[in-house]
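What follows is a single structure, written as structure tokens, with notes after it.
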Amino acid sequence: MKNLVIIGNSRSGKTTLANMVAKKYKFNIVSMDAMVYAFDQNLPQLGIRHLRELRSPNCYELLVPFVASYANWLLEYSLADTNIIVEGSWAKPRHASEIFSKEKFKIVALGYPDISPEQMFNEIRKKDKPNSWTKTLTDDKLLVRCKESIEKSKVLKKDCEDLGIEFINTSFDRTEKLNKFLDSLPTFLA
């Protein structure tokens, strides 16, 4: 069975799906967000930062190859007898397909191109936790981010279609769609 890379828009269900796969199939998770946090805290001069305003222009080009190298090392030396999931919103479809070995990894992307900004806003506010990054945004700023994210989701979906990458539309019925993908995972990763 191959390993899994889960990419996509923020709040699309990437971490939820990674946790579901890890639990059901005993995969280990490599979180790009955790790596960004470590870089942000320890090497801020690299510009690999959570806040958009503080990121360097080449943030993604630095992070994604680093994560892929780390994942390959895990598979080679540390976790040779198990599988891993790399998850995060930091890799674009083309970049992920170029960086992650097709022999070792399959890629799936999650996005929400069909939801309205208002529906997305309401879903986020309903599920906000005290440490959610969205909790710090005013309602007006969050609504703007929702609009931007939906537009990015439309581009993501098109890019996935062009590259032959599996795309899960989590605009509606997210749990049902993630469970369906989870059930099909052994075939998907064969």
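The values are calculated or read from the model by the stated rules, or taken from the named source; none is laboratory data. Values in this document were obtained by computation on a predicted structure and should not be read as measured data. Neighbour counts are summed over all protein chains in view; Cβ atoms, including those assigned to glycine, are modelled from backbone coordinates with ideal geometry.
Against the conditions (1) without any contact (Cβ under 8 Å) to a residue 60 or more places away in the chain; (2) of a type outside the set (Gly, Ala, Ser); (3) buried (at least 20 other Cβ atoms within 10 Å of the Cβ), Leu17 satisfies every one except (1). Scanning the range 69-127 for residues that are among the charged types (D, E, K, R) and under 17 Å from Asp33 (Cα atoms) yields Glu87, Lys92. Just so you know, in the range 74-95 the residues that are surrounded by 22 or more Cβ atoms within 10 Å (Cβ to Cβ) and aliphatic (A, V, I, L, M) include one that is modelled with the lowest pLDDT, and it is Ala91. Only one entry in Tyr37, Tyr60, Tyr25 is farther than 23 Å from Ser132 by Cα and aromatic (Phe, Trp, Tyr), namely Tyr25.
Pairing each residue of the range 129-142 that is more than 14 Å from Asp33 (Cβ to Cβ) with any residue that is among the hydroxyl-bearing types (Ser, Thr, Tyr) and modelled with pLDDT of 85 or more, provided the two are 6+ apart or on different chains, yields C-beta distances under 8 Å for Leu142/Thr134. Taking the range 1-108 as the region of interest, the strands (runs of 3 or more DSSP E) fully inside it that hold 2 or more residues being under 23 Å from Leu163 (Cα atoms) are 3-8, 84-87. Scan the range 145-165 and give yes if some residue there is surrounded by 13 or more Cβ atoms within 10 Å (Cβ to Cβ) and in a strand (DSSP E or B), otherwise no. No; the residues of the range 145-165 include none that is surrounded by 13 or more Cβ atoms within 10 Å (Cβ to Cβ) and in a strand (DSSP E or B). Among the criteria (1) modelled with pLDDT of 95 or more; (2) surrounded by fewer than 22 Cβ atoms within 10 Å (Cβ to Cβ), the one Ile124 does not fulfil is (1).
For (1) more than 19 Å from Tyr60 (Cβ to Cβ); (2) crowded, with 17+ Cβ neighbours inside 10 Å; (3) in contact (Cβ under 8 Å) with a residue 24 or more places away in the chain, each residue gets a yes or a no:
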| residue | (1), (2), (3) |
| --- | --- |
| Asn3 | yes, yes, yes |
| Ile7 | no, yes, yes |
| Ser12 | no, yes, yes |
| Lys23 | yes, no, no |
| Phe27 | yes, yes, yes |
| Ala34 | no, no, no |
| Tyr37 | no, no, no |
| Asp40 | no, yes, no |
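Being under 22 Å from Glu61 (Cβ atoms), of a type outside the set (Gly, Ala, Ser) and part of a helix (DSSP H, G or I) is not true of Arg125.
With respect to Lys177, is the statement that it is at pLDDT 95 or above and farther than 22 Å from Asp33 by Cα true?
yes
Note on the range 111-121: residues that are out of contact with any helix residue (DSSP H, G or I) (no Cβ under 6 Å at 6 or more places or on another chain), in a helix (DSSP H, G or I) and surrounded by 15 or more Cβ atoms within 10 Å (Cβ to Cβ) total 1. Picking from residues in the range 99-110 that are charged (D, E, K, R) and surrounded by 13 or more Cβ atoms within 10 Å (Cβ to Cβ), the one that is farthest from Lys152 (Cα to Cα) is Lys104.
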